[in-house]
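I have placed the structure first, in the form of structure tokens, so that the comments after it can refer back to it.
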Amino acid sequence: GEEDSVSRLKNTLNWRCGSEGKTICEAAQSAVATAATDSSWNNDPVSKAAPHASSINNHLTSSQCLTTQTSKGDLLYCIRAGLINDKEMMAQVSVEQLVDFFV
């Protein structure tokens, strides 16, 4: 209900204003501004600025991930999961780190 929605919104705002969330959001904002400077989207700045990118980007390459746009111009990130060595990746990063990367 409405109480749950308000509670989730407050939790999100608290995370975004807290040290971890604020750092992630500020890095993302800067990376998006850099990625969108040309007439097309360049996902490299976003991928490199993501938390734990130095570990995770070794396992997510352009052959496994594609960034494109929907018909309305929204970004669409397609991941070909079958091409990712998930066991090797997850031996090097935690679930929490992977979640932070994709947030």
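Would you mind pulling out the separation of the Cα centroids of the range 45-66 and the range 78-96, in Å?
About 11 Å separates the Cα centre of the range 45-66 from the one of the range 78-96.
Counting only protein heavy atoms, what percent of the accessible surface of the chain is carbon or sulfur at a 1.4 Å probe?
Solvent-exposed carbon and sulfur of the chain make up 51 percent of the total.
More than 14 angstrom separation, counting every C-alpha pair in the range 1-52; what % is that?
61 percent
Counting residues in the chain as N, plug N into 2.2 N^0.38 Å and put the Cα Rg over that result.
1.22
Provide the FRET efficiency to the nearest 0.05 for the Thr70-Phe102 pair, computing r from the beta carbons and using R0 = 30 Å.
Efficiency at R0 = 30 Å is approximately 0.95.
Quick one: accessible area per residue over the chain, 1.4 Å probe, rounded to a whole number of Å²?
Value for the chain: 73 Å² per residue.
So, counting K/R as plus one and D/E as minus one, what does the shell of residues with Cβ under 13 Å around Thr23 add up to?
It works out to a net charge of -1.
Once Lys and Arg get +1 and Asp and Glu get -1 on their Cβ, which of Thr12, Thr61, Ile24 lies farthest toward the positive end of the dipole of the chain?
Sorting the options by dipole projection puts first Thr61.
Lysines near Lys48 by alpha-carbon distance under 27 Å, same-chain residues fewer than 8 away left out - which ones?
Once the sequence-local lysines are set aside, what remains near Lys48 is Lys22, Lys72, Lys87.
Just Ala91, Ala33, Ala49 to compare: in a GNM of the chain, with alpha carbon springs under 10 Å, which one fluctuates most?
Ala91
Mind computing the radius of gyration and Dmax over the alpha-carbon atoms of the range 43-103? Å is fine for both.
Calculated on Cα positions, Rg and Dmax stand at 12.0, 38 Å.
The values are calculated or read from the model by the stated rules, or taken from the named source; none is laboratory data. Please read these numbers as outputs of a predicted model, since none were measured by experiment. Every residue, glycine among them, receives a Cβ derived from its backbone with ideal geometry; neighbour counts consider all protein chains shown. Protein only, heavy atoms only, side chains kept; ligands, DNA and RNA dropped before computing areas. Shrake-Rupley method; radii C 1.70, N 1.55, O 1.52, S 1.80 Å.
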